[in-house]
Each structure stands twice: as C-alpha cells, then as structure tokens.
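The values are calculated or read from the model by the stated rules, or taken from the named source; none is laboratory data. Treat the numbers as computed from the prediction; the structure is a model and nothing was measured. All Cβ positions, even for glycine, are placed from backbone atoms using ideal geometry, and neighbour counts span all protein chains on display.
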Amino acid sequence: MLPKAAWSLVLRKGGRGRRGMHSSEGTACGGGKTPRYTNCYAQRHYPMPEEPFCTELNAEQQALKEKEKGSWTLLTHAEKVALYRLQFNETFAEMNRRSNEWKTVMGCVFFFFGFAALVIWWQRVYMFPPKPITLTDEWKAKQLQRMLDMKVNPVQGLASHWDYEKKQWKK
Amino acid sequence: LTNTNITDAQEMETIWTILPAVILILIALPSLRILYMTDEINNPSFTIKSIGHQWYWTYEYTDYGGLIFNSYMLPPLFLNPGDLRLLEVDNRVVLPIEAPVRMMITSQDVLHSWTIPTLGLKTDAVPGRLNQTMFTATRPGVYYGQCSEICGANHSFMPIVAELIP
C-alpha cells in the first residue's frame with residue numbers, strides 16, 4: 001500500500017509526477033498561471049490573504065463578480081460557493097484536514113528501533129570482550145561474604161541488614 | 001514595557017538593589033565566622049603524606065623513621081577470590097583507630113583527589129600545594145576509595161585502601 005501511494009505521487013496520467021507539478025490545473029482558477037508562494041494562500045494562522053486566489057477570471061466568472069456587486073440575497077447557493085472558491089484556495093474544513101502522515105512517521109520510528117536492536121545484538125555477539133571473572137556468581141558470593149565479614153557500613157549500609165546471630169538477612 | 005506606570009522609578013530601584021545587598025552581607029559575615037568555628041581542633045598524633053601520581057599513590061610515614069611506598073591497583077588477574085575488582089591495591093595505607101590522623105595530600109604531576117567516602121574524606125591533590133585533612137576513625141576495618149579528580153587514562157584505576165587497625 002505504501003509503495004502504491006508513493007508511486008501515485010510520482011506517476012500520473014500524462015507521464016509526469018503529481019509532486020513537483022505546480023500548475024493550478026484542477027482548481028477553481030483553471031490553468032495557465034504560475035502559482036504564488038504559499039504565504040499568499042490562506043492558512044490557519046493567516047486566514048485572510050491580501051489577494052484573491054483566482055485573479056484571472058474567464059467571462060463567466062467575471063459576470064459572477066459583477067453580480068456580486070449587487071445584493072447578495074440574489075445570489076444562489078451555487079454562486080456563493082463559486083465566489084468563495086474564487087477568493088480562497090480551500091475551505092477551513094479542507095485546510096485543517098487531518099492526514100495519515102503520523103502512520104508513516106511512527107513506521108519509520110519503529111523501523112529504526114528495530115535496526116538499532118539489530119546493531120546492538122551484533123555488537124554483543126561480535127564486539128564485546130568477555131566479562132571479568134569477578135562477575136561470576138561464585139566470585140560475587142565470596143565477595144559478599146568478605147564484605148559481611150569486614151562489617152562494611154554497619155550503621156545503615158550492607159552489614160546493618162545482616163543478622164550476624166542467625167546468619168541471615170534481617171527481615 | 002512602555003507603560004508609564006512602570007518606568008522612571010530610579011529611587012525605588014536603587015533602594016531595592018542596595019538594601020538586599022546589605023542584608024546579604026549582614027547574613028554572610030557571621031555565617032563565615034561560624035563556618036570556620038566548626039572546624040575542629042584535632043591535635044593529630046600521626047601525620048602521613050599522600051602523593052598522587054599518574055596513576056598510583058605514594059604514602060610517606062616520616063614521623064618515626066622513613067617509610068615510603070607506592071600503592072598500585074591490583075589488576076583483575078592478580079585478585080584473590082572474593083576481592084573487589086578495581087578497588088584492591090598491593091600496599092594499603094595502614095592507620096591506627098581512635099587516634100587523630102593528619103593526611104597531607106599533594107600531587108607529583110596532575111590533579112588527583114584522595115577520597116575515602118565512608119570516612120567522609122575527600123581532598124584534592126594539587127601539584128605544588130599541600131592540602132591537609134584530619135580524621136579520627138573509630139571502627140577497625142578496610143576502607144576503600146577511588147581517585148576523584150580526572151587525571152588521565154587510568155584515573156579510574158588508582159584506588160585508595162586504608163586499613164585501620166586497633
């Protein structure tokens with residue numbers, strides 16, 4: 001599914017990818033004009049740009065603009081929508097729509113988690129030196145016995161938790 | 001920041017700078033006096049010099065005759081079963097309990113720090129300077145510490161072991 005979505009961005013009828021195509025074909029304006037920079041489009045933090053979205057109007061649209069100068073109660077719903085589309089790129093609902101980008105992001109994050117895990121496993125097998133002898137259970141037991149014999153930290157530390165009469169840890 | 005109610009208050013600003021400074025000075029001076037008063041008078045019966053090198057310690061007992069020896073960490077292969085890795089040394093500093101001991105600590109080359117946490121001791125070994133710390137131990141035993149000032153490649157491998165005997 002992901003490759004198909006990615007390919008559909010690249011390929012399109014007519015052979016050129018959709019991404020990178022900057023014509024305004026398919027919008028209310030019709031084609032033929034290079035688009036402005038994005039800061040001229042309405043955005044959530046800049047909802048009222050100075051210039052309208054479509055500046056080159058065909059005859060029908062110009063007639064509609066003339067009609068707009070009159071009373072607005074005479075405009076049909078479809079005409080009002082057409083006028084909105086001339087003025088603005090997208091409605092608020094369209095502008096603020098959610099996307100599925102988070103799925104891609106999370107997928108990449110988990111992929112790199114897995115890759116890091118593989119790298120760590122490889123290091124553990126092929127790179128780390130052997131553990132010192134002092135980390136074996138036998139040595140640790142002797143070490144602990146020695147520390148208890150020395151009464152290390154008898155006030156609040158290790159030896160204070162050992163009951164020397166019963167030879168066990170204090171409960 | 002341009003509201004006229006909060007501009008041009010030079011007199012008040014001067015007062016609320018000078019007055020807290022005076023108050024702090026009035027707090028600090030007795031506090032310093034008390035700080036130095038809490039330093040105990042020890043009258044040490046024993047003085048030992050501890051000299052830090054890269055990467056071992058030298059101890060000098062020069063009160064009664066001249067005993068000087070080096071104290072290197074024991075490598076893991078040389079340990080006896082039950083010894084503590086990276087903490088055991090070949091020659092320990094042997095000290096008496098219940099006697100005030102003065103340690104004079106310095107360094108031959110770079111900064112080190114002579115530390116025994118359970119005895120509450122940490123003193124920097126500064127080349128060209130003699131630092132002094134005094135303590136009186138009450139319990140016999142073996143006490144471990146590690147160099148506490150970064151001093152090069154083997155900074156983690158120059159421990160201090162004090163053996164306190166009755």
Next on the checklist: Every residue in segment A:147-165 that is within 12 Å of another protein chain (Cβ to nearest Cβ), loosely packed, with under 14 Cβ neighbours inside 10 Å and part of a helix (DSSP H, G or I), please.
Outcome noted: A:ASP149
Checklist entry - Can you tell which of A:LYS131, A:LYS140, A:LYS65 is among the charged types (D, E, K, R), closer than 30 Å to B:LEU77 by Cβ, more than 34 Å from the chain's Cα centre (by Cα) and not in a loop (DSSP other than H, G, I, E, B)? => result A:LYS140
Next on the checklist: Restricting to segment B:97-123, and then to whatever is assigned to a strand (DSSP E or B) and of a type in the set (Gly, Ala, Ser), can you tell me which residue is farthest from the other protein chains (Cβ to nearest Cβ)?
Outcome noted: B:SER107
Checklist outcome for this item: Restricted to segment A:87-117 and to residues being closer than 30 Å to A:PRO52 by Cβ and among the hydroxyl-bearing types (Ser, Thr, Tyr), the residue modelled with the lowest pLDDT is A:THR91
Checklist entry - Could you list, in sequence order, the residues of segment B:72-93 that are outside any loop (DSSP other than H, G, I, E, B) and more than 10 Å from chain A (Cβ to nearest Cβ)? => result B:MET73, B:PHE78, B:VAL89, B:VAL93
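What are the residues in segment B:59-71 that are without any contact (Cβ under 8 Å) to a residue 24 or more places away in the chain and either within 14 Å of chain A (Cβ to nearest Cβ) or not in a loop (DSSP other than H, G, I, E, B) (or both), if any?
Taking segment B:59-71 as the starting set, the residues that turn out to be without any contact (Cβ under 8 Å) to a residue 24 or more places away in the chain are B:60-70.
Across segment B:59-71, the qualifying residues are B:GLU60, B:TYR61, B:LEU67, B:ILE68, B:PHE69, B:ASN70.
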Item to check | Scan of segment B:124-166 for residues that are within 14 Å of chain A (Cβ to nearest Cβ), over 23 Å from B:GLN54 (Cβ atoms) and not hydroxyl-bearing (Ser, Thr, Tyr), ordered by number | outcome: B:ALA137, B:ARG139, B:PRO140, B:GLY141, B:VAL142, B:GLU163, B:LEU164, B:ILE165, B:PRO166
Checklist entry - Can you name the condition, by its number, that B:LEU77 falls short on among (1) surrounded by 10 or more Cβ atoms within 10 Å (Cβ to Cβ); (2) in the same structural domain as B:ASP124 (by the TED database)? => result (1)
Checklist entry - Pick from B:THR138, B:THR115: which is assigned by the TED database to the domain that holds B:GLY82 and surrounded by 15 or more Cβ atoms within 10 Å (Cβ to Cβ)? => result B:THR115
Next on the checklist: Please verify whether A:LEU144 is closer than 30 Å to B:LEU86 by Cα, within 14 Å of chain B (Cβ to nearest Cβ), modelled with pLDDT of 90 or more and in contact with a strand residue (DSSP E or B) (Cβ under 8 Å, 6 or more places away or on another chain), treating the condition exactly as stated.
Outcome noted: no
